[in-house]
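Contents: one structure, followed by commentary.
What follows is calculated from the coordinates using simple rules that are stated; it is not laboratory data. It should be emphasised that the depicted structure is a prediction, and the values quoted were computed from it without experimental measurement. Ideal geometry is used to build each Cβ from the backbone, glycine not excepted, and the neighbour counts take in all protein chains shown.
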Amino acid sequence: MITSPGLNLEQYRQILPPDWPGGFWWHWLVFTIIIIVFVLLLVMGYIWLERRGMGRMQARLGPNRLGPFGLLQPVADAIKVLIKEDLVPTNADKIVHLLAPIVAFTPTLMIFAVVPFQNGALLADLNIGILYVVAISSVSTVGVFMAGWGSNNKYSLLGAMRNVAAVVSYEIPLVLSIIGVVLIAGSLSLNQIVLAQDIPFILLQPLGFLLFFIAGCAEINRSPFDLMEADSELVAGFHTEYSGMKFALFYLVEYAEALAIASIITTLFLGGWRGPLLPPWLWFVIKVIIVFFVMVWTRTTLPRVRIDQLMALAWKFLLPLALINLLITGIQVLAWPDALPWGVIFLNFAIAVVLVLLWSKLFKLGWGRVEV
Amino acid sequence: MAIKTEPFVLNIGPVHPSTHGVFRMRATLDGEVMIDLEPVFGYLHRGVEKLAEERTYTGVIPLTDRLDYIASMTNNLAYVVAVEKLAGISVPERAEYLRVILAELQRIANHLIAVGSFLNDCGAYFTPFLYMFRERERVIDLFEMVSGQRLLYNFMRVGGFNQDVPDEFFPALEKFIRQMPRYIDEYERLLKENEILLARAKGVGILPKEVAINISASGPVLRGSGVEWDLRKVAPYSVYDRFEFDIPTGTVGDCYDRYRVRVIEMRQSLRIIEQAMKEIPAGPVKSDVPQLIRPPVGEAYGSIEAPKGELGFYLVSDGSIAPYRCHIRAPSLLNLTALREMMIGWKIQDAIIIFGSIDITMGEVDR
C-alpha cells in the first residue's frame, strides 16, 4: 500500500524547526546564503558537467586543462566574462538594457526559497509553495523580453518573441501536470509533497512527469526547444548584444533556470531529499544532477524543432494529455481516498504509453509552408 | 481590432554562424515567415579567373585549390581534365585510377561536411558535425600521405601526377574502406529516422524537377529532385565507365531527399574506390608533358562531377604559355539560383536548413 501524507516514517520527521537557527532574521540570512552558494556552486558544476558530458558524447575531450578533469574551467570562464568590456549598442534603450539581466536573474533565484533541501530545511515553507514557483518563474520572461527589446537588434527581438510565445504556451501544460501531483499529495507545500512521497511520484504519475519534463525543458529553452537562443539561426538570440557582467548574468540565468526546473522535478516526482543511507541534502543534489544530465543528453542528441511545431506540441499534444492525466488522477484519488494501491503504478504506466503512442499518430506538428 | 503589423528586413550574414562563409541573405520577414529574399554574394571575390590568365597552365592549379576549399582534389581534377582536353594530352592508366580513387575520397570528405553541417543547421548541437569530422579526418590523413597537405592539396598535374602515392597509402586506404561503412551505419542509426529531423526536413524547401533542370542545377541538389543525371555516368571522363555504381535519386526534392542522396552517395563512392583499388595497374603516373605547356590555339570545356555538382573549366588558348581566358562553371553558384523560390513562405529556421541542404562553399560561389 502507498501511504498517505499522514503516515510519515520516523526518520523523516521534521529535523529543523521552522525558524532554525532561531529568530526570523537569522533564519532568513542563513538560508539566503545557503541558496546563493548552492545555486552558484551547482551552476558551476552544471557548466562543467555539460561541457565535459557533451565533449564525451561528441567524440572529443572537452575542457581538461584547468585543474583535475578541467574542474576549474567554469572559474576561468567566469573570470573571462567578468573582465570583458561591457558593450552597449548605440541605439539601445540603455535603462532597459541594463535592467534586463537583473530582472531575469532575481526571480530565478527566488524560486529556491521554497525548495526543501532536506526535511524542513528551506527558506519559507509556504503552504502555496508550488503556486509561488509557477508564478515567480514566469517573471524572468519579462527580463528576457526586456533584453530582446532593449538591445535594438532584430535577432534579439526575434529570440525574445519566441521565448514569450513558448513560455505563455508551455505554462499551461506545466501547471496542469503539477496538479496531478498536488491531488495525490493533498498539499501545495513543496515540503509536504516530499513528505507524501513514500514512493516517488514518477511511478504514480509517469505521464505527468513526462509532460512536466517536456514543458519544463521548453520553458527554460533547453534543447530541443532552445529556439530563443538558436545558435545556428539567431546567432545568440536575446543576449546577442550582451557582454561582460551582463552576459554572465544571462549565462547564470540559463543554468540557474535549468537547476530550478531540475530541483522542482526532483521535489515533485523523484522524492526530493528522500533516500536511504546518504544524508538527505546529498540525495537532493544527486537527483538534481541526474535530471540535469538527462537535459544535457537530449541537447547533444536531438535536432531543434521549428517555432510552429513548438507551439503545436504545446497545444495539440501536451495540453490534451495533461487534461487527460488530470482526469485519470482525479478519478483514482476519488476511488481510493486514503491510499493508492500498488496496481495503480502499472495501470498508469500502461495508460501513459498508450496515450503517448496514440496521440502522436493523431496530429501533425506544425503547418509548414505559408502562402505569401 | 486587427493589430497593425509591418514586414521588416533582416540581414542574415555576411557573418553568421549558418551562412557557411560570407554569404548574405537580405530577408524580408513577416514575423517569422520569409516573404522576400535577396541573396547577396561577392564578399569573397578574389578574381581567380583573371589571375589564371597571367599564370602558366601548371601555375593555375594552386588557384583551383582555393575555389572550393572543402574539396580541392576534385577542383584540381576538373582543371587538369580541361587542360588535357585543350592540349590533347593523354594520361597513363595508373594515374587515371588514382584520380578516380582520390576524387571519390574527396567526395566522401565533402559529403561528410555537407551532411554534418546540414544537421548542425537543423539544431543537432554539433554532435553529428563532430562525428563526421572524425571520419573526414581519416580521409584528410590519406590525402596528407599522398600530397603532404591537409586542405589545399595541389596534387594533380596535367598528364597525371608528379609522384606516385607512397607504399603505405593502399594498406591505409583498404583499412578506411573496411571501416567506413560501419560509421555510415552509425550516422544512419543516429538521425535517419529521427522524428524531429523528419518533421523539420521532410517537404521543406522543395525544388521541383522542372525548376531544377531549368536553373541547370547539378550534383546532389539535382539528383535530390529526382533527375538521374551524373556526369560520371552520362558523360564518363577518366575511367569512370569501367566501374559499377548506382546514382541515388530523391523523389520530392526536399531537404531530406538531398540529405539522403548525399549519404547514399558516400556508400557508392566506397564501392567505386573498392573496384578501383582492385583493378589499379602498375606503371608510370605521368605522361610525357613539357615543362611549359603550349596548347594549340583553340578552346576546350572540361567538366567533372565534383561533390557539389558539375564543375567545369572553360579554357581558351592563344598558343601562349598562359590561358587566354579561363571561366569556371561553379556548381555552388548555379545551385543557389533557385534559393528565393525555395525559401519564400518558409520560416527563418527552414530557410537556414534549406540553405544548409544546398551545400555551398563561398570560395566557389564568389571565385
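Full-extension gain between residue A:323 and residue A:90, please, as 0.36 nm times their residue separation minus the C-alpha to C-alpha distance. Each step should come with its number before you reach the end.
Working: separation 233, 0.36 × 233 = 83.88 nm, distance 4.80 nm.
Once the chain is fully extended between residue A:323 and residue A:90, it gains 79.1 nm.
Please compute the average number of Cβ atoms from other chains found within 10 Å of each residue's Cβ in peptide A:157-166. Could you put the intermediate results ahead of the total?
Details: counts 2, 6, 0, 0, 2, 2, 0, 0, 1, 0.
The mean count of partner-chain Cβ atoms within 10 Å per residue comes to 1.
Going by how many other beta carbons lie within 10 Å of each one, how would you line up B:185, B:121, fewest first? Each step should come with its number before you reach the end.
Working: B:185 12, B:121 26.
With the sparsest Cβ surroundings first, the list reads B:185, B:121.
Towards the positive end of the charge dipole of the stretch B:1-117, with charges on Cβ (+1 Lys, Arg; -1 Asp, Glu), say which of B:44, B:73, B:21 has the farthest Cα.
B:73
Determine the distance separating the Cα centre of the stretch A:181-219 from the Cα centre of the stretch B:257-278; give it in Å without decimals.
Cα centroid of the stretch A:181-219 versus Cα centroid of the stretch B:257-278: 51 Å apart.
For chain B, set up a GNM with springs between Cα atoms under 10 Å and report which of B:292, B:77, B:102 has the largest fluctuation.
B:292
Would you mind getting me the FRET efficiency between residue B:233 and residue A:139? Use the beta-carbon distance for r and R0 = 41 Å, nearest 0.05. Can you show the working numbers first?
Values: r = 63 Å, r/R0 = 1.53.
Step by step, r from the Cβ atoms, then E = 0.05.
Suppose R0 equals 41 Å; then what is the FRET efficiency for residue A:362 and residue A:40 from their Cβ-Cβ distance, rounded to the nearest 0.05? Before the final figure, lay out each step's value.
Details: r = 45 Å, r/R0 = 1.09.
Step by step, r from the Cβ atoms, then E = 0.35.
Check residue B:310: other-chain or 5+ apart residues with amide H under 5 Å from its amide H, H built from backbone geometry?
B:218, B:219
Once phi is turned into θ = phi - 60°, what whole-Hz ³J(HN,Hα) does the Karplus curve with 6.51, -1.76 and 1.60 give for every residue of the stretch B:205-216, x standing for Gly and Pro?
x, 6, 10, x, 3, 5, 4, 4, 5, 4, 7, 6
Ordered by residue, what ³J(HN,Hα) values in Hz, to whole numbers, does the stretch B:303-309 give under the Karplus form 6.51 cos²θ - 1.76 cosθ + 1.60, where θ = phi - 60° and Gly and Pro are x?
9, 9, 8, 6, x, 8, x
Which whole-Hz couplings ³J(HN,Hα) result when phi for each residue of the stretch A:146-155 is put into the Karplus expression 6.51 cos²θ - 1.76 cosθ + 1.60, θ = phi - 60°, listed in order with x for Gly and Pro?
Running phi through 6.51 cos²θ - 1.76 cosθ + 1.60 with θ = phi - 60° gives 4, 4, x, 6, x, 8, 6, 9, 5, 4 Hz.
Could you list, bin by bin from short to long, the percent of Cα-Cα pairs of the stretch A:186-337 in 10 Å steps?
10, 33, 33, 19, 5, 1
Under the rule of at least 5 residues apart or a separate chain, name every residue whose amide H is placed under 5 Å from the amide H of residue B:325.
Amide H to amide H, under 5 Å and 5 or more residues apart or across chains, residue B:325 pairs with B:316.
In µm²/s, what is D for the protein assembly as shown at 10 °C and 1.306 mPa s, where D = kT/(6 pi eta Rh) by Stokes-Einstein and Rh is the Kirkwood radius from Cα pairs?
Working: Rh = 28.8 Å.
Answer, rounded: 55 µm²/s.
Size of the dipole of chain B about the Cα centre, Lys and Arg at +1 and Asp and Glu at -1 on the beta carbon, nothing else charged, in debye to 20?
Details: 42 positive and 49 negative charges, 49 e Å.
Computed about the Cα centre, the dipole is about 240 debye.
Hey, can you rank B:324-333, A:351-360 by average C-beta count inside 10 Å, highest first?
Values: B:324-333: 21.0, A:351-360: 13.6.
Answer by packing, highest mean first, reads B:324-333, A:351-360.
Based on Cα coordinates alone, diagonalise the gyration tensor for the stretch A:10-362, multiply each eigenvalue by 5, take square roots, and list the semi-axes in whole Å, largest first.
Details: eigenvalues 216, 130, 78 Å².
Listed largest to smallest, the semi-axes of the stretch A:10-362 are 33, 26, 20 Å.
Just want the ordering: A:25, B:346, B:229, from fewest to most Cβ atoms lying within 10 Å of their own Cβ. Don't jump to the answer; show the numbers that get you there.
Details: A:25 9, B:346 24, B:229 20.
So the residues, fewest neighbours to most, are A:25, B:229, B:346.
Which residue, A:198, A:308, A:226, tops the fluctuation ranking in a GNM of chain A built on C-alpha contacts under 10 Å?
Among A:198, A:308, A:226, the largest GNM mean-square fluctuation belongs to A:308.
What's the magnitude of the charge dipole for the protein assembly as shown around its Cα centre, counting Lys and Arg as +1 and Asp and Glu as -1 at the beta-carbon? Answer in Debye, nearest 20.
380 debye
Excluding residues on the same chain fewer than 8 positions from residue B:286, give the aspartates and glutamates whose Cα lies under 13 Å from its Cα.
Within the straight-line limit of under 13 Å, residue B:286 reaches these aspartates and glutamates: B:84, B:93, B:96, B:164.
Going 7 Å from the Cα of residue B:294 toward and past its Cβ, which residues in the stretch B:51-92 have a backbone nitrogen under 11 Å from where you end up?
none
What value does chain B have for Rg/Rh, both radii from Cα atoms and Rh as Kirkwood defines it?
Details: Rg = 20.9 Å, Rh = 21.2 Å.
My calculation puts Rg/Rh at 0.99.
Angle check, please: helix B:348-358 long axis (alpha carbons) against the longest principal axis of chain B (alpha carbons), in degrees 0 to 90, nearest 10.
20 degrees
Can you work out the FRET efficiency for the pair residue A:128 and residue A:59, with r the C-beta to C-beta distance and R0 = 35 Å, to the nearest 0.05? Could the numbers behind the result be given before it?
On the way: r = 47 Å, r/R0 = 1.35.
Once rounded, the FRET efficiency stands at 0.15.
Just from its helices, what would the mean residue ellipticity at 222 nm be for the protein assembly as shown, if runs of 4 or more DSSP H residues each count -39500 (n - 2.57) and the sum is divided by every residue, rounded to the nearest 500 deg cm²/dmol?
Values: 28 runs with 400 residues, N = 739.
Result for the protein assembly as shown: -17500 deg cm²/dmol, rounded to the nearest 500.
Would you look at the GNM of chain B, springs on alpha carbons closer than 10 Å, and say which of B:88, B:159, B:21 moves the most?
So, out of B:88, B:159, B:21, the one fluctuating most is B:88.
What average number of partner chain Cβ atoms lie no more than 10 Å from the Cβ of the residues making up B:348-355?
If you average over the peptide's residues, the count of other-chain Cβ atoms is 4.
To the nearest 20 debye, what is the magnitude of the charge dipole of chain A about its Cα centre, counting +1 on the Cβ of each Lys and Arg and -1 on the Cβ of each Asp and Glu? Provide the component values of the computation, followed by the final result.
Values: 22 positive and 21 negative charges, 180 e Å.
Here the size comes out at about 860 debye.
Mind scanning B:233/B:308; A:84/A:246; A:316/A:361; A:154/A:316 and naming the pairs with a C-alpha gap bigger than 18 Å? Walk me through the numbers on the way to the answer.
Numbers: B:233/B:308 16 Å; A:84/A:246 10 Å; A:316/A:361 12 Å; A:154/A:316 29 Å.
With Cα atoms farther than 18 Å apart: A:154/A:316.
Mind pulling the angle between the C-alpha long axis of helix B:93-121 and the longest principal axis of chain B? Nearest 10 degrees, somewhere in 0 to 90.
Computed tilt is about 20 degrees.
Any chance you could give the angle, 0 to 90 degrees and rounded to 10, that helix B:127-147 forms with the longest Cα principal axis of chain B?
10 degrees
For the stretch B:8-366, with the dipole built from +1 on Lys and Arg beta-carbon atoms and -1 on Asp and Glu ones, taken about the Cα centre, which of B:147, B:207, B:317 lies farthest toward the positive end?
Selected residue: B:147.
In what sequence do A:363, A:346 fall when counting other Cβ within 10 Å, fewest first? Present the calculation step by step, with values, prior to reporting the outcome.
Working: A:363 13, A:346 10.
The fewest-first ordering by Cβ neighbours comes to A:346, A:363.
In terms of Cα to Cα distance under 18 Å, which lysines are near enough to residue B:175, apart from those fewer than 8 places away along the same chain?
Those lysines meeting the cut-off are B:278.
Let me confirm one metric for peptide B:13-23, namely the mean number of other chain beta-carbon atoms within 10 Å of its residues' beta-carbons.
Details: counts 0, 0, 1, 5, 7, 6, 0, 0, 0, 0, 0.
Per residue, the number of nearby Cβ atoms from other chains is 2 on average.
Along the charge dipole of the stretch A:10-362, which of A:356, A:55, A:273 sits closest to the positive end, that is, farthest toward it, with unit charges on the beta carbon of Lys, Arg, Asp and Glu (+1, +1, -1, -1)?
The one lying farthest along the dipole's positive direction is A:55.
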